[in-house]
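See below for the structure under consideration.
The values are calculated or read from the model by the stated rules, or taken from the named source; none is laboratory data. Because the structure is a prediction, the values reported are computed rather than measured. Every residue, glycine among them, receives a Cβ derived from its backbone with ideal geometry; neighbour counts consider all protein chains shown.
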Amino acid sequence: MKSKHFSILFFFIRFTIYIFVMVALNMIFMYDASHPVGDAKFGETSLTEKSQEILAFLLFIGFLVIGWKVVKIRHFSFVVSLFFLMSFIREFNDILDDWFYFVVPLLAISLYIIVRYFKRLIDGFYTFLKIPSSAFLFVGILVTYVFSRLFGREKFWELLMEDGYMRNVKATVEEGVELLGYSLVFIALIELLVGIPKLLKQEEKN
């Protein structure tokens, strides 16, 4: 009974932390809205962009640690880690014209892991799918890399605002949704880190 109560309490503690994460996002947006860089808001040097870079790097480190600790999902976690490292590098496209050349070696390593350890990768992916918090990862990826791109299309905002088109509005929505997506993946990372002891116990039993 005590274990059940503790689990519920621990969940609400984490849930409260995630509420503060959402509040922090709103504060970041408010700051960028009131502190334009030059004539632009939510540009490459905005706090929103910097937050995306920080989260992408933390996700790279976090999934690297998970892969190192949990053998069952090691190869899958390493590939996810490399994916976020590539995303981190991509965030610097404003100052790295040749950013793609920095990504190519990481892409090659990812493909090597996929091909060389394909069976272990599939087994790890299957194990990962059975973890409840894995849903946050996929939802976050969909929001960050699919929905934000589609929702931020310039053509859509030109159609919506017609002659009153303002690029700042379009940039605000696109970058804001992208940061939200990163935050969802970050929540998934925290939930996975919390669940690592349970995964390690399962490995010991097997």
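Contact map, segment 1-28: residues that are over 17 Å from Val185 (Cα atoms) paired with residues that are small (Gly, Ala, Ser) and assigned to a helix (DSSP H, G or I), Cβ distance under 6 Å, separation 6+ or inter-chain. Pairs shown: Ile28/Ser51.
So that you can scan it fast, the table gives a plain yes or no per residue for (1) on the phi < 0 side of the Ramachandran plot; (2) loosely packed, with under 12 Cβ neighbours inside 10 Å; (3) among the hydroxyl-bearing types (Ser, Thr, Tyr); (4) free of Cβ contacts under 8 Å to residues at least 12 places away in the same chain:
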position	(1), (2), (3), (4)
Ser46	yes, no, yes, no
Ile54	yes, no, no, yes
Val80	yes, no, no, no
Phe83	yes, no, no, no
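In this structure, is Glu178 under 13 Å from the mean Cα position of the chain (by Cα) and assigned to a helix (DSSP H, G or I)? Answer is yes for this residue. Taking the criterion of being at pLDDT below 85 and either under 26 Å from His35 (Cβ atoms) or buried (at least 18 other Cβ atoms within 10 Å of the Cβ) (or both), no residue of segment 133-159 qualifies. For segment 85-110, a residue qualifies if it is exposed (fewer than 12 other Cβ atoms within 10 Å of the Cβ) and part of a helix (DSSP H, G or I), and the qualifying residues are Tyr101, Val104, Pro105, Ala108.
Just checking, does segment 9-16 include any residue being of a type in the set (Ser, Thr, Tyr) and either touching a Pro at 6+ places or on another chain (Cβ under 8 Å) or within 30 Å of Ala171 (Cβ to Cβ) (or both)? No; the residues of segment 9-16 include none that is of a type in the set (Ser, Thr, Tyr) and either touching a Pro at 6+ places or on another chain (Cβ under 8 Å) or within 30 Å of Ala171 (Cβ to Cβ) (or both).
Considering only segment 48-60, I want to know if a residue exists there that is acidic (Asp, Glu), in contact with a strand residue (DSSP E or B) (Cβ under 9 Å, 6 or more places away or on another chain) and under 30 Å from Tyr101 (Cα atoms). No, there is no match, as no residue in segment 48-60 is acidic (Asp, Glu), in contact with a strand residue (DSSP E or B) (Cβ under 9 Å, 6 or more places away or on another chain) and under 30 Å from Tyr101 (Cα atoms). Given the condition of a type outside the set (Gly, Ala, Ser) and in contact (Cβ under 8 Å) with a residue 24 or more places away in the chain, answer yes or no: does some residue in segment 150-159 qualify? Looking through segment 150-159, at least one residue is of a type outside the set (Gly, Ala, Ser) and in contact (Cβ under 8 Å) with a residue 24 or more places away in the chain.
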